[in-house]
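Read through the structure below, which is laid out as C-alpha cells, and then see the notes.
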Amino acid sequence: MHIQPTFRVNQPTNAADAGVSALLTAMQPAAITFYRADAVIYAQGEAAGPLYLVEFGTVRICRMTADGRRLISAFHTAGEVFGFEADPEHQSYAESVDGAGVRVLRTSCSEQPTGSMLLLALKSLARTQSHLMVLGRRTANERMAALILDLAERQGDEKLVHLPMQRYDIADYLGITFETVSRILRVLKDQGVIRLRSISEIEILDLTALQDMCD
C-alpha cells in the first residue's frame, strides 16, 4: 500500500534534524509505503542500497543468530533514517513494530548528499555504541531505566512515554527475558518511579530517580 502525501522537509531544530533535512533535499521524493505490524521492510542478507526514512510509527532492526535467537539492535521512530550498511548485504533485517510509514530514499543524479549521510551514519553508530554500553555495563533495572529515558528524549516528553513495542521486543532489545521486563516495570511502579497508565504508556513520576539509575 502506497500513500503519496505532499513531500515536505521540516525545519531542522538540531544538527541531526539538519542532516535529515539536507539529505531529503538531495533525494528523489518517494511515496510512503505502509507496513503493517510485524511486516518485513528488508531481509537479512538482502542486497543493501537505498536508505529509509520513518515518516510515522516505529521500526525495529533485528538479527537472527545461528541458534535461532532474535536480537534487536535498534528502534527507529518518526524522522529517523535507517538502512546504513558497510557491506553490500544487509547484516540485519528491518520490521515494522506498530504499523509504520516508510519512505525509500534514493539519491538523484545531480546531488550526492555525502556530508548529510555521514552525519546520520555517525549518529546511528553513536546510538548503537551507547546501546552496547547499556547491555555490557548495566543491570537489568538500569537497562530498563535507560530505555525509558531514551524514549522520553526522542519523544520530547519527560512525563509520558509511549511504548510502541511489545514486552518481548523490549526483552530482545535489552537482552533480558519477558518475565524480567514485567518484573522490573512492577518494581519501578511499586517504588513510585513510574505509573503504568496502560500496557503501552508510562508516566514518569520521578525523573531524577531514573537518571540516577543510569549514572
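The values are calculated or read from the model by the stated rules, or taken from the named source; none is laboratory data. Since this is a predicted model, take the numbers as computed values, not measurements. Cβ sites come from the backbone with ideal geometry, for glycine too, and all protein chains shown count toward neighbours. Heads up: the accessible areas ignore ligands, DNA and RNA and are worked out on the full protein's heavy atoms, side chains in. Shrake-Rupley method; radii C 1.70, N 1.55, O 1.52, S 1.80 Å.
Among the residues of the stretch 147-167, is any under 15 Å from the mean Cα position of the chain (by Cα), of a type in the set (G, A, S) and closer than 30 Å to E55 by Cβ?
There is at least one residue in the stretch 147-167 that is under 15 Å from the mean Cα position of the chain (by Cα), of a type in the set (G, A, S) and closer than 30 Å to E55 by Cβ.
Scan the stretch 184-198 for residues that are outside any loop (DSSP other than H, G, I, E, B) and either open to solvent by 100 Å² or more (accessible area, probe 1.4 Å) or small (G, A, S) (or both) and jot them down. Before you say what the answer is, go through the steps one by one.
Applying the first criterion (outside any loop (DSSP other than H, G, I, E, B)) to the stretch 184-198 yields 184-190, 194-198.
Matches in the stretch 184-198: R186, D190, R195, R197, S198.
In the set D215, D190, D206, which member is over 22 Å from R60 (Cβ atoms), more than 19 Å from the chain's Cα centre (by Cα) and at pLDDT below 95? If you could, list the steps in order and put the result at the bottom.
Numbers: D190 fails: at pLDDT below 95; D206 fails: at pLDDT below 95.
Result of the check over D215, D190, D206: D215.
Tell me the residue from E158, E179, E95 that is surrounded by fewer than 17 Cβ atoms within 10 Å (Cβ to Cβ) and at pLDDT 90 or above, please.
Values: E158 fails: at pLDDT 90 or above; E95 fails: surrounded by fewer than 17 Cβ atoms within 10 Å (Cβ to Cβ).
None of the others qualify; the one that does is E179.
Identify all residues within the stretch 16-54 that are in a loop (DSSP other than H, G, I, E, B), out of contact with any Pro (no Cβ under 7 Å at 6 or more places or on another chain) and modelled with pLDDT of 65 or more; write none if there are none. Please lay out each step first, then the result.
Pass one, the stretch 16-54, residues in a loop (DSSP other than H, G, I, E, B): 26, 29-31, 36-39, 43-46, 48-50.
Filter once more, so that each one left must be out of contact with any Pro (no Cβ under 7 Å at 6 or more places or on another chain): 29-31, 36-39, 43-46, 49-50.
Matches in the stretch 16-54: A30, A31, R36, A37, D38, A39, A43, Q44, G45, E46, G49, P50.
Would you check if E179 is acidic (D, E) and either under 27 Å from E80 (Cα atoms) or touching a residue at least 60 places away in the same chain (Cβ under 8 Å) (or both)? I'd like the intermediate steps shown before the answer.
Values: acidic (D, E): yes; either under 27 Å from E80 (Cα atoms) or touching a residue at least 60 places away in the same chain (Cβ under 8 Å) (or both): no.
Judged against the criteria, E179 is not a match.
Could you please let me know if T128 is modelled with pLDDT of 60 or more, surrounded by fewer than 20 Cβ atoms within 10 Å (Cβ to Cβ), touching a Lys or Arg at 6+ places or on another chain (Cβ under 9 Å) and of a type in the set (V, I, T)?
On the way: modelled with pLDDT of 60 or more: yes; surrounded by fewer than 20 Cβ atoms within 10 Å (Cβ to Cβ): yes; touching a Lys or Arg at 6+ places or on another chain (Cβ under 9 Å): no; of a type in the set (V, I, T): yes.
It is false that T128 is modelled with pLDDT of 60 or more, surrounded by fewer than 20 Cβ atoms within 10 Å (Cβ to Cβ), touching a Lys or Arg at 6+ places or on another chain (Cβ under 9 Å) and of a type in the set (V, I, T).
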